[in-house]
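Notes follow once the structure below has been shown.
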Amino acid sequence: MRKFLILFLAVIVLFSGCTGEKTVKSGDKVSVDYIGSLQNGTVFDTSIESVAKQNNIYMPDRQYKPLQFTVGKGEVIKGFDEGVVGMNAGETKTLTIPPEKGYGNMDPRAIQTIPVVENITATETYPKVLEVPRYQFEGTFGQNHTTGDVVTWPRTNVNLTVVNISSNNISLSYNLKVGDNISSVGAPWNDTVIKMDDKNFTIKHDVRTNNTIQLQGVPWNSTVIAANSENITLRHNAVPDTEIRSMFGEVVRVHFNQTSIVLDRNPELAGKTLIFNVTLRSINGSNNK
């Protein structure tokens, strides 16, 4: 009888180890639903369509479904990655993630300010001869040019003469004279050549008081509130908070206050403690791919 009891207990121990609930470990591919919010309760992201609609963050072109990722691979922020370890399928857990395990702390070097009322110089001086890398010249104007050829700078009315060609660089001389008007597609204003010598030429921006101009690459326009031979004073006209996306994908958030334009290149959630309500939908085991 004693021998049978020992054997029976051993079987219980063996099978209890095999039938225990599987928990998440590093390397598992998991599927989770989540609701992400700030400490003030504002919901900023979710995988659940109804929650997105309730919090006015619904995006029609997005597919709302559980998020899948491999734990420990850095596919999500560190606090989220670490937070799901040990969870069981069906379990719901609240993760409180500090900035250092989220999107990092705010970097003051990524914040630029521009005065709402800004003074800029009315004139600019440039070298008369321009030297550019040969690959850049040929990418812009084509190959097989010789000394003395005249080329036109793209999207402008400016002509240049090729004055020297080397294996690495090409020198160009501006074909300008005092009084010439320079126009460029997309530029906020035209320019007039007001001075020229053997080495340099000077242009003056052609603007008048009360002109409205559009500076390149920004979502606001500007009004000229004063202009003379030396300086131009611009008032940048406020727009609601918005974003600028560069050609390289960088997002810059734009905010106007009473005195400045704040351009912030930090991630939107940088410096914030994040609260995630996470429900583990499934564990698919180690992903060895």
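The calculated FRET efficiency for Thr125 paired with Gln258, based on their beta-carbon distance and R0 = 45 Å, is about 0.85. Over all pairs of different C-alpha atoms, the chain has a mean inverse distance whose reciprocal, the Kirkwood radius, equals 25.5 Å.
Magnitude of the charge dipole for region 12-141, about its Cα centre and with charges confined to Cβ atoms of Lys, Arg (+1) and Asp, Glu (-1), is about 280 debye. The aspartates and glutamates within cross-link reach of Lys204, meaning a Cα-to-Cα straight distance under 20 Å and a gap of 8 or more places when in the same chain, are Glu118, Glu124, Asp180, Asp191, Glu230. Think of the chain as a dipole: +1 on every Lys or Arg Cβ, -1 on every Asp or Glu Cβ, centred on the Cα centre; then among Thr70, Ser183, Ala110, Thr70 lies furthest on the positive end.
Which value, in debye to the nearest 20, gives the size of the charge dipole of region 88-238 about its Cα centre, when Lys and Arg are +1 and Asp and Glu are -1 at the Cβ?
180 debye
Taking a straight line from the alpha carbon of Lys73, these aspartates and glutamates sit under 19 Å away, with near neighbours fewer than eight places off in the same chain left out: Asp28, Asp33, Asp81, Glu82, Glu100. Site pair Ile244 and Asn221 shows an inter-label distance of 1.8 nm when each label is modelled 7 Å from Cα along Cα→Cβ. Working from label points 7 Å from Cα in the Cα-to-Cβ sense, the Ile111 to Arg208 distance is 4.1 nm. Counting neighbouring Cβ atoms within 10 Å and putting the fewest first, the residues Met59, Met196, Met247 line up as Met247, Met59, Met196. Label-to-label distance for Asn175 and Arg155 is 2.2 nm, based on points extended 7 Å past Cα in the beta-carbon direction. Straightening the chain between Ile194 and Asn168 buys 6.1 nm, computed as 0.36 nm per residue apart minus the Cα-Cα spacing.
Amide H to amide H, with H built 1.01 Å from N, Asn221 comes under 5 Å of Asn237, counting only residues 5 or more places away or on other chains. Calculated translational diffusion coefficient of region 101-246 (10 °C, 1.306 mPa s; Stokes-Einstein with Kirkwood radius over alpha-carbon pairs) equals 87 µm²/s.
When restricted to Cα atoms, region 49-154 yields an Rg and a Dmax of 27.4, 76 Å, respectively.
Since only Leu274, Ile203, Val224 are under comparison, the one whose Cα sits farthest along the positive direction of the charge dipole of region 162-286, derived from C-beta charges on Lys, Arg, Asp and Glu, is Leu274.
Taking the Cα atoms only, what angle lies between the long axis of helix 2-19 and the longest principal axis of the chain, rounded to 10 degrees? Between helix and principal axis, roughly 20 degrees.
For region 69-83, backbone phi angles converted through the Karplus equation (6.51, -1.76, 1.60; θ = phi - 60°) give residue-by-residue couplings of 7, 9, 5, x, 9, x, 7, 10, 4, 4, x, 6, 4, 6, x Hz, Gly and Pro being listed as x. Our compactness index for region 193-279, the C-alpha radius of gyration over the empirical 2.2 N^0.38 Å, is 1.64. A straight line joining the Cα centroids of region 70-103 and region 233-275 runs 29 Å.
Computed from the coordinates by the stated procedures, all read-outs in this text should not be read as laboratory data. Quick caveat: nothing in here was measured; it's all calculated off a predicted structure. Glycine also receives a Cβ, built like all others from the backbone with ideal geometry; neighbour counts cover every protein chain displayed.
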